[in-house]
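See below for the structure under consideration.
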Amino acid sequence: MWILGVILHSLYYISPAYCANAFAVFGGGKPIDSGRSWRGKRIFGDGKTWRGLMMGIIAGSLFGLIWFYLSKSGPLDAIYFNVFDFRITDPLFGLYLSVGAMIGDLANSFAKRRLGLKRGAPLWGFDQLNLVFGSLLVAYFLAPTFIIFEEFIALILITLAMHLFGNQIAYYTKRKHVRW
Ligand code: CTP
Ligand code: MG
């Protein structure tokens, strides 16, 4: 049962970051770096737009706000095993996680451009985990509650596993040409 707590609470905690990440794809328009380069390479590239950034932050913040209200009652208004605190006392909880996720995403694109990778070129591991590291780093400093180390490890494994699983589906439905 303890492992169930690790999985459920960690996913619950990071859910606004996943939400932000999912909604950022509805971006488009003006890129954040305005087309500027640094040392001959784009700062972030055309894949990072202001609209995507705002979409992600708004969606993640609203998602966190829903949890904020729901956590005032029912099974979410509780601490399980004296460890897994589901109570969200800060309405800005979702904002912290989604801003962190977007910072992680920008940092990832910045690093990819420095490595000479074009927009959309995959950087395995980094593309998947930047949202975990970015969101948790910001939440660690700003949010009133945090996760335990085991949950951090679980989130890394779950995030990578979800992408592998998603890619298998994309591969078999012929929407993707490689399995990973
Ligand atoms: N997107 C956006 N603004 C953001 C983040 C994402 O507009 N801040 C949109 C872009 O259309 C982007 C798509 O979501 O192409 C997918 O996001 P992501 O995979 O993070 O970007 P990539 O296109 O793969 O670019 P990069 O190589 O920089 O990761
Ligand atoms: Mg990408």
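Structure notes:
- Each other residue within a Cβ distance under 12 Å of ALA111 adds +1 if Lys or Arg and -1 if Asp or Glu, for a net charge of +2.
- Number of Lys pairs (Cα under 22 Å; 8 or more positions apart or on different chains) in the chain: 10
- Span from the segment 1-66 Cα centroid across to the segment 150-166 one, whole angstrom: 17
- Crossing angle, helix 50-70 versus the chain [Cα axis fit, 0-90 degrees, rounded to tens]: 10
- Overall form of segment 1-81 per C-alpha gyration tensor (a/c, 1.5; a/b vs b/c): prolate
- Rg over Rh [alpha-carbon atoms, Kirkwood Rh] for the chain: 1.01
- Karplus 3J(HN,Hα) series, Hz, for segment 90-102 with 6.51 cos²θ - 1.76 cosθ + 1.60 (x for Gly, Pro): 10, x, 8, 3, x, 5, 4, 5, 6, 4, x, 4, 5
- Contact order, relative form, for segment 2-172: 26 percent (alpha carbon pairs under 8 Å, 6 or more residues apart, mean separation divided by residue count).
- Per-residue ellipticity at 222 nm computed for the chain from its helices equals -20500 deg cm²/dmol, with DSSP H segments shorter than 4 residues left out and the rest contributing -39,500 (n - 2.57).
- Less than 5 angstrom separates the built amide H of THR49 from those of GLY28, ILE32, all sequence-distant by 5 or more or on a different chain.
- For the chain, size of Cβ-based charge dipole, Lys and Arg +1, Asp and Glu -1, in debye: 1260
- ³J(HN,Hα) computed for each position of segment 73-88 - Karplus, 6.51 cos²θ - 1.76 cosθ + 1.60, integer Hz, glycine/proline x: 8, x, x, 7, 8, 7, 10, 9, 6, 6, 10, 8, 8, 8, 6, 10
- Using θ = phi - 60° and Karplus 6.51 cos²θ - 1.76 cosθ + 1.60, couplings along segment 36-44 (whole Hz; Gly, Pro as x): 6, 10, 9, 6, x, 10, 4, 5, 10
FYI, it's all coordinate maths here, none of it is from the lab. Here the structure is a predicted model, which means the values were calculated and not measured. Note that each Cβ is placed from the backbone with ideal geometry, even for glycine, and that neighbours are counted across all protein chains shown.
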